[in-house]
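Enquirer: Handing you a structure now.
The values are calculated or read from the model by the stated rules, or taken from the named source; none is laboratory data. Worth saying up front: this structure is predicted, and the values here are computed from it rather than measured. Neighbour counts run over all protein chains shown; Cβ positions are idealised from the backbone, glycine included. Each accessible area value is taken on the protein alone, full model and side chains, heavy atoms only, with ligands, DNA and RNA left out. Shrake-Rupley method; radii C 1.70, N 1.55, O 1.52, S 1.80 Å.
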Amino acid sequence: MTAGALAPRLWRIGASAARRAEAGRIRSWALALATALLTLAVGGLVMADASFDGRTQRTLERSPRLAAAYPDEPVRALWRWDAAEAGGLAYDVIHLEPLTERQAPPPGLPRWPVPGEVFASRALLDASGEDAVVAQYGRLAGVIDPAGLEAPGEFLVYVRPTAAMLDRSLMQGISGFGETTGTGVLGEHLHHFGKGEFLAAYAGFVLLPVALLVAIAVRTGAAARDRRTVLLAALGGGWSARACCTAGEAARPVALGAVAGAVAMLPALVVDLPFPSTAFVLAAGDVRAAVPLLAGVLVAVPAAVLLVTVLAQPARRRARATRPTAVRTRAATWSLWLFPVALLFTVRVVDLAHPDSVVVLYATGYLLVLVTLPGVIGACVGLLGPRFAALGRRRGEAGLLLAGRRMAAAPRTVTRLVAALVVAIGIAVQVQVWTASLTAAGQGAVDSRERLGTSVLRAAPYAGPARVRAFHRALPAGVHALAVRVQVQVPGEGRGRVELVGGCPALRELRIGCDTRPRPVSFAAADPRLREYLGGVGAAAGMEVVVRSGDVAQLPDAAGAGRELVLFGAGGGRLPAATLNGIAHRHLAMSASVDYVLNGGGLGKLATAAGWLRLLSTVGIAVVCLSAGIGALTDFLRFGRELAPLSVLTSGGRLYGAVAGWSLLLPTALASLVGVGLAWWLAAPVRSVAPSDPLGLVSLTSGALVCALALTAWGAAAARRAASGWRPVGD
């Protein structure tokens, strides 16, 4: 029979074997699921890259062409950028003043706003409410078209100042809109993490667990399939013949998984998809732009899975004699030499790498450690196997003898068993330390808001006397203002000084006597609201605090000092932040802001990063648990069949429990302890930024050991069930 005619027959033999082989049905579903998830994971990577590219392109199209960068182009408009906050998320406020109506407005606007008008994004209007946006910036002229937004969920405001508040000296001249290089001078990407950080987290929390699932699915039911491959080799079949049989066995579930993955990605091509816990919306237009690459993914992923299944078959070994010998599997040695290299690289990369690339390089090293650690543990257990067997033989313990022989003969089984556990521990530790660091970074602002809310607010900038008086007069009833001058270091004195000036009602609200002469104020004995504010400007570090009664609009300037206004509510009541912001924009300054004592603009970035961390880690841990379940199920089926013939030698269950304890509990417990300790040690660079509670390791280690005990009990029970139904057959 020719090779061309033999290949289809071998393909059909493999397809038939998939239905009849040991754990064949489990492997088929595992391959289909692994292919579907790998298709989704790689497709998600392509969509993420397309989203970043699309957002960058839209940001460039709306970025101003500054006169300073393009001096040869005529100035046609004035432009200014400011930052604001809504719900803890920072966003951009763009002030516009066209100098000629012939100049096209920014992308997303149907026309230039008239003085006192505002265009806002739909996401901001939904989050803050239309009334709050109008109260802060002016009359609502319309909604920014999605074509002018970096992402469908972006917060953005375009404002044209009134003639009374227009300050041309604060604005930059522009010739139009549309940059060609860079990443743009505005956009929500400035308030969130970058592309490199996201891809590093995606690779660690999604791609690695899915790759683990593929590896486990490929080797599910490996023992029977390896025997069939060896038989084909003994009959004269070459590598191509064995590859055809192996590929035929995996082709149908792999194709089914690829189709399922393609169907799961279809909604992203049609509608904008919001992501839970992240406040991010994936634009369907960006996904449609990546259709050619996604089509390539649908071809490349199943082809790669089939290639892996073919390459995972055992290599043909030349026999030196015709005498039957026991087949011993050897653990791959690449992990043994790569593990110390990856470990050293991860430990030292923070000190040696450039700050811009340290996150990506650290994630790469950490992933390599997680990938190679199971092989190292498997090799160590394999080395312990003969010693356990010898000890069991000397002591007459059959369970220890059998477990030692099994560990020595099948170290790859140990590697597969502990791989999912190690990856899950690595992900859990990283989630714990990164969440702790993100929480600690903004904890001061969060605690301040929880204590005081909006009962104390800061208003800036401190403008001229006329505007400060106008702002003060426009304040609602029950809102008091103090003018503040903060001088970090007084010449000749060495220490800083904080001076507060206000009317008698404001001072009495803070339980301070009304005196035109400066008088010191004790930081420790001050009103809690004042103490909170003073702590926010650094007065807790030994700065002198003085207060006097006077006109808030007559606070003199001083070299090296900053000035602003602080607002208090009567009786500690909450202040209407949106209303006060609008008053500041109408009377104080074009770019005025009314904000919390501790500016929380960075909280949005931390909250967004923590949200993505929770989402990606949840997906990753779910996939790891799935991998662990599939791997354990197939390994325990094999484990039970290996021990089943012992039912004729023993009537109790102690032997199965002893073998399971030594060959299952020992590797998983070792993986738990080593994995937790190593992952915590490798997380030292993150913990150095914000220390994490080491007591969290107790629960993590306990959970890992409980999983190890559960796997052991599962394995012992599987062995007992297999033994109860075993009947001798001729093999």
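Enquirer: Would you pick out the residues in segment 50-100 that are part of a strand (DSSP E or B) and acidic (Asp, Glu)?
Expert: ASP82, GLU85, ASP92, GLU97
Enquirer: Across segment 104-122, which residue is farthest from THR56 (Cα to Cα) among those that are open to solvent by less than 20 Å² (accessible area, probe 1.4 Å) and not in a loop (DSSP other than H, G, I, E, B)?
Expert: Out of the qualifying residues, it is VAL118.
Enquirer: Applying the selection to segment 139-165, what residues are modelled with pLDDT under 90, open to solvent by less than 40 Å² (accessible area, probe 1.4 Å) and farther than 28 Å from LEU273 by Cα?
Expert: Once the filter is applied, which keeps residues that are modelled with pLDDT under 90, open to solvent by less than 40 Å² (accessible area, probe 1.4 Å) and farther than 28 Å from LEU273 by Cα, segment 139-165 yields only MET165.
Residue-wise test of (1) aromatic (Phe, Trp, Tyr); (2) at pLDDT 85 or above; (3) within 47 Å of the chain's Cα centre (by Cα).
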| position | (1), (2), (3) |
| --- | --- |
| ARG473 | no, yes, no |
| VAL490 | no, no, yes |
| GLY496 | no, no, yes |
| LEU500 | no, yes, yes |
| SER522 | no, no, yes |
| ALA525 | no, no, yes |
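Enquirer: On to the next question. Among the residues of segment 388-409, what is the count of those that are of a type in the set (Asp, Glu) and in a helix (DSSP H, G or I)? Give the steps one after another, and end with the answer.
Expert: Initially, segment 388-409 is screened for residues of a type in the set (Asp, Glu), giving 397.
Within this subset, residues satisfying the condition of being in a helix (DSSP H, G or I) are none.
Residues flagged as of a type in the set (Asp, Glu) and in a helix (DSSP H, G or I) within segment 388-409 amount to 0.
Enquirer: Can you tell me which residue among LEU256, LEU294, LEU273 is farther than 16 Å from ALA50 by Cβ and either surrounded by fewer than 19 Cβ atoms within 10 Å (Cβ to Cβ) or out of contact with any Phe, Trp or Tyr (no Cβ under 8 Å at 6 or more places or on another chain) (or both)?
Expert: Working: LEU294 fails: farther than 16 Å from ALA50 by Cβ; LEU273 fails: farther than 16 Å from ALA50 by Cβ.
Testing whether each residue is farther than 16 Å from ALA50 by Cβ and either surrounded by fewer than 19 Cβ atoms within 10 Å (Cβ to Cβ) or out of contact with any Phe, Trp or Tyr (no Cβ under 8 Å at 6 or more places or on another chain) (or both) leaves just LEU256.
Enquirer: Condition check: at pLDDT below 55 and open to solvent by 90 Å² or more (accessible area, probe 1.4 Å). Does THR333 satisfy that? Even if it seems obvious, please write down each step before you answer.
Expert: Working: at pLDDT below 55: no; open to solvent by 90 Å² or more (accessible area, probe 1.4 Å): yes.
No: the conditions fail for THR333.
Enquirer: Quick one: how many residues across segment 172-214 are within 24 Å of the chain's Cα centre (by Cα) and assigned to a loop (DSSP other than H, G, I, E, B)? Full working, then the answer.
Expert: Of the residues in segment 172-214, the ones within 24 Å of the chain's Cα centre (by Cα) are 183-184, 186-214.
When the remaining residues are screened for being assigned to a loop (DSSP other than H, G, I, E, B), the result is 183-184, 186-187, 192-194.
The total comes to 7.
Enquirer: Further question on the same structure: I'm checking my understanding of the structure. Among residues of segment 599-637 that are over 30 Å from LEU40 (Cα atoms) and in contact with a helix residue (DSSP H, G or I) (Cβ under 6 Å, 6 or more places away or on another chain), which one is modelled with the lowest pLDDT?
Expert: Of segment 599-637, the ones over 30 Å from LEU40 (Cα atoms) are 599-603.
Subset that is in contact with a helix residue (DSSP H, G or I) (Cβ under 6 Å, 6 or more places away or on another chain): 600, 603.
Values: GLY600: 54, LEU603: 62.
Of everything passing the filter in segment 599-637, GLY600 is modelled with the lowest pLDDT.
Enquirer: Starting from residues that are closer than 30 Å to ALA342 by Cα and in contact with a Lys or Arg (Cβ under 9 Å, 6 or more places away or on another chain), keep the ones in segment 376-403 and report whichever is most open to solvent (accessible area, probe 1.4 Å). Show your work before the answer.
Expert: Let us first name the residues in segment 376-403 that are closer than 30 Å to ALA342 by Cα, namely 376-387.
Filter once more, keeping what is in contact with a Lys or Arg (Cβ under 9 Å, 6 or more places away or on another chain): 378, 382, 385-386.
Numbers: GLY378: 0, GLY382: 14, GLY385: 0, PRO386: 68 Å².
Per the stated criteria, the residue is PRO386.
Enquirer: Continuing with the same structure: In segment 367-387, is there at least one residue being touching a helix residue (DSSP H, G or I) at 6+ places or on another chain (Cβ under 8 Å) and not in a helix (DSSP H, G or I)?
Expert: Checking segment 367-387: not a single residue is touching a helix residue (DSSP H, G or I) at 6+ places or on another chain (Cβ under 8 Å) and not in a helix (DSSP H, G or I).
Enquirer: Now, a different point. For segment 259-270, how many residues are crowded, with 16+ Cβ neighbours inside 10 Å and touching a strand residue (DSSP E or B) at 6+ places or on another chain (Cβ under 9 Å)?
Expert: 1
Enquirer: What are the residues in segment 200-211 that are at pLDDT below 85 and among the hydrophobic types (A, V, I, L, M, F, W, C), if any? Step through it out loud before you land on a result.
Expert: Here is the first cut: in segment 200-211, the ones at pLDDT below 85 are 200-201, 204.
Answer for segment 200-211, where residues must be at pLDDT below 85 and among the hydrophobic types (A, V, I, L, M, F, W, C): ALA200, ALA201.
Enquirer: Would you be able to say whether some residue in segment 272-280 is modelled with pLDDT of 75 or more, among the aliphatic types (A, V, I, L, M), closer than 30 Å to GLY87 by Cβ and not in a loop (DSSP other than H, G, I, E, B)? Give the steps one after another, and end with the answer.
Expert: Step one: list which residues in segment 272-280 are modelled with pLDDT of 75 or more, which gives 272-280.
Those left that are additionally among the aliphatic types (A, V, I, L, M): 273, 279.
Cutting the leftovers down to closer than 30 Å to GLY87 by Cβ gives us 273, 279.
Within this subset, residues satisfying the condition of being not in a loop (DSSP other than H, G, I, E, B) are 273.
Within segment 272-280 (the criterion being modelled with pLDDT of 75 or more, among the aliphatic types (A, V, I, L, M), closer than 30 Å to GLY87 by Cβ and not in a loop (DSSP other than H, G, I, E, B)), the answer is yes, since at least one residue qualifies.
Enquirer: While we're on this one: List every residue pair whose Cβ atoms lie under 9 Å apart, where the two residues are 6 or more positions apart in sequence or sit on different chains, the first residue falls within segment 52-81 and is open to solvent by 20 Å² or more (accessible area, probe 1.4 Å), and the second residue, located anywhere, is in a helix (DSSP H, G or I) and among the aromatic types (Phe, Trp, Tyr).
Expert: Matching pairs, first to second residue: PHE52/PHE198.
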